[in-house]
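Notes follow the structure.
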Amino acid sequence: MIEKLKQRWNVRNGWDVLIILLVFACTGFSVLFVKRILFEWIGLTNQSPSWIRWTVNILIILPLYQVILLAWGWVWGKFSFFWEFEKRMFGRIGGMFKRNR
């Protein structure tokens with residue numbers, strides 16, 4: 001599994017893979033923490049309509065995830081990897097909205 005991730009992410013060794021996985025884990029926990037605080041601040045609960053919660057998740061939490069991912073990547077010394085990762089991901093998302101010619 002580590003070898004496949006090294007090839008997929010084009011990294012040198014298993015430690016790089018471990019750090020990248022650690023950054024994803026830290027990001028996930030951080031976003032959950034921030035999301036709870038943000039939802040309490042704006043008054044959203046589990047009883048709030050799901051379309052409102054989904055809208056907040058897409059418009060606020062998703063971009064916030066990207067920023068936190070870059071921040072944790074910087075902390076762990078992998079900012080350039082995650083910057084390229086973000087650019088590829090947004091390129092794919094943007095490609096979904098382009099017209100086929």
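The values are calculated or read from the model by the stated rules, or taken from the named source; none is laboratory data. What you see is a predicted model, and the numbers here were worked out from it, not measured in a lab. Glycine also receives a Cβ, built like all others from the backbone with ideal geometry; neighbour counts cover every protein chain displayed. Side chains included, ligands, DNA and RNA excluded: accessible areas come from the protein's heavy atoms. Shrake-Rupley method; radii C 1.70, N 1.55, O 1.52, S 1.80 Å.
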Could you list, ordered by first residue, the pairs with Cβ atoms under 9 Å in which the first is in region 24-52 and open to solvent by less than 90 Å² (accessible area, probe 1.4 Å) and the second is of a type in the set (Phe, Trp, Tyr) and in a loop (DSSP other than H, G, I, E, B), at least 6 apart or interchain? 26/76
Hey, can you tell me all the residues within region 80-96 that are over 18 Å from residue 65 (Cβ atoms) and at pLDDT 70 or above? 80
Contact list, first residue from region 1-16 and part of a helix (DSSP H, G or I), second anywhere and of a type in the set (S, T, N, Q), beta-carbon distance below 8 Å, six or more apart or interchain, is 6/13
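Confirm whether residue 58 is of a type outside the set (D, E, K, R) and open to solvent by 80 Å² or more (accessible area, probe 1.4 Å). Outline the logic, then answer.
On the way: of a type outside the set (D, E, K, R): yes; open to solvent by 80 Å² or more (accessible area, probe 1.4 Å): yes.
So residue 58 fits the description; yes.
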Could you please let me know if residue 61 is in contact with a Lys or Arg (Cβ under 6 Å, 6 or more places away or on another chain) and not polar (S, T, N, Q)? yes
